[in-house]
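Data block below; observations after.
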C-alpha cells in the first residue's frame, strides 16, 4: 500500500479510489447544494460495481468526479495510482484519456463517421498511425459483435449497435477503468440484455474496473457489489424488490 496525504494507506490494486469526497455546487442565489458527503470507494481490476439511487441523488456527479471530469470540493481521488488534485490540467487530461473510458446513456457517436472511424478517433487523436488504429478498432468492433457493420454510420445502426460501438470506442485506448452512466437506459429489453452480457464479459476478459450507474435490476445483478447513493453517501445494497 502507498500513503495518501495525512498518512492514510491507499487500497492496494485499486484502479480508482475516492476518500472522503465531498461535492458542493453553488446555486444562482448563492446557496449551496451538497451532492456528495464524504464518499469512500475503491474499485480494482476485474471488479464491477453498480451504483443505484433515486434520480437526482448525485450518481452522475460521482462518476464525473471519479473520472476526473469534475474536481471534488474536498477529499481525494486517485486514478490509476495518481492523486488527481496534484496534477496540472494537461497532466490530468492525459491521465483521463489513457485511464478512463466513458459510456453514457446516449452514445454521442459522430454521425458523419462510420462505426470504424468513430472507434479509431481517440486512437488517431493520441497519435497512432492509421494502420495501427484501424487494426485496434476492427478488433474491438469484432469483439462487440459488429464486424459486419464497420462501415455503417450511426443512423444506419440500431440503438443497441450504436451503444456497442460506443463501448468499443471507450475501450480504444485500453483504459483500466470504464465508467458507464445508464448505458442501457435508452435501449429496448433485448438490446439492453445483450449490452449487459457484454459488459460482464468484457470486465472479466479484459480485467477492467467497471463502475456502472443504473436503474436496471438486470444490469445491477451482474455486479459484484451494488452500492446505494443516498443523502450524499454510499452504502452496501442488495438487489431486491424496489432496490433499483
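The values are calculated or read from the model by the stated rules, or taken from the named source; none is laboratory data. Note that this is a predicted model, so its numbers are computed, not measured. Note that we place each Cβ from the backbone using ideal geometry, even for glycine, and neighbour counts take in every protein chain shown.
Just need a number here: residues in the stretch 94-123 that are closer than 20 Å to residue 60 by Cβ, without any contact (Cβ under 8 Å) to a residue 60 or more places away in the chain and assigned to a loop (DSSP other than H, G, I, E, B).
The number of residues fulfilling the criteria is 2.
Have a look at 180, 172, 166 and point out the one that is in contact with a strand residue (DSSP E or B) (Cβ under 9 Å, 6 or more places away or on another chain), in a loop (DSSP other than H, G, I, E, B) and in contact (Cβ under 8 Å) with a residue 24 or more places away in the chain. Show your work before the answer.
Numbers: 180 fails: in a loop (DSSP other than H, G, I, E, B); 166 fails: in a loop (DSSP other than H, G, I, E, B).
Selected residue: 172, the only one of 180, 172, 166 that is in contact with a strand residue (DSSP E or B) (Cβ under 9 Å, 6 or more places away or on another chain), in a loop (DSSP other than H, G, I, E, B) and in contact (Cβ under 8 Å) with a residue 24 or more places away in the chain.
Checking the conditions here, which among 43, 49, 35 is outside any helix (DSSP H, G or I), more than 16 Å from the chain's Cα centre (by Cα), more than 23 Å from residue 128 (Cβ to Cβ) and at pLDDT 90 or above?
On the way: 43 fails: more than 16 Å from the chain's Cα centre (by Cα); 49 fails: more than 16 Å from the chain's Cα centre (by Cα).
Answer to the check: 35.
One line per residue, one yes/no per condition, for (1) modelled with pLDDT of 90 or more; (2) surrounded by fewer than 19 Cβ atoms within 10 Å (Cβ to Cβ):
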{"site": "154", "(1), (2)": "yes, no"}
{"site": "161", "(1), (2)": "yes, no"}
{"site": "166", "(1), (2)": "yes, no"}
{"site": "169", "(1), (2)": "yes, no"}
{"site": "183", "(1), (2)": "no, no"}
{"site": "200", "(1), (2)": "no, yes"}
{"site": "218", "(1), (2)": "no, yes"}
{"site": "243", "(1), (2)": "no, yes"}
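Residue 194: part of a loop (DSSP other than H, G, I, E, B) and more than 21 Å from residue 70 (Cβ to Cβ), yes or no?
Numbers: part of a loop (DSSP other than H, G, I, E, B): no; more than 21 Å from residue 70 (Cβ to Cβ): yes.
No; evaluated as a whole, the condition is false for this residue.
Would you tally the residues in the stretch 202-218 being more than 16 Å from residue 13 (Cα to Cα) and either in a strand (DSSP E or B) or under 14 Å from the mean Cα position of the chain (by Cα) (or both)?
Total meeting the criteria: 4.
Identify all residues within the stretch 185-197 that are crowded, with 20+ Cβ neighbours inside 10 Å and closer than 21 Å to residue 45 by Cα; write none if there are none.
Hits for the stretch 185-197 are 195, 196.
A quick yes/no check of all residues on (1) closer than 21 Å to residue 126 by Cα; (2) out of contact with any helix residue (DSSP H, G or I) (no Cβ under 8 Å at 6 or more places or on another chain):
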| residue | (1), (2) |
| --- | --- |
| 41 | no, no |
| 46 | no, no |
| 57 | no, yes |
| 66 | no, yes |
| 73 | no, yes |
| 91 | yes, yes |
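Can you name the residue in the stretch 75-93 that is within 16 Å of the chain's Cα centre (by Cα) and touching a residue at least 40 places away in the same chain (Cβ under 8 Å) and is also surrounded by the most Cβ atoms within 10 Å (Cβ to Cβ) among such residues?
Start the filter on the stretch 75-93 by keeping residues that are within 16 Å of the chain's Cα centre (by Cα), which leaves 77-80, 93.
Next cut, touching a residue at least 40 places away in the same chain (Cβ under 8 Å) only: 77-80.
On the way: 77: 21, 78: 21, 79: 23, 80: 17.
So the residue we want is 79.
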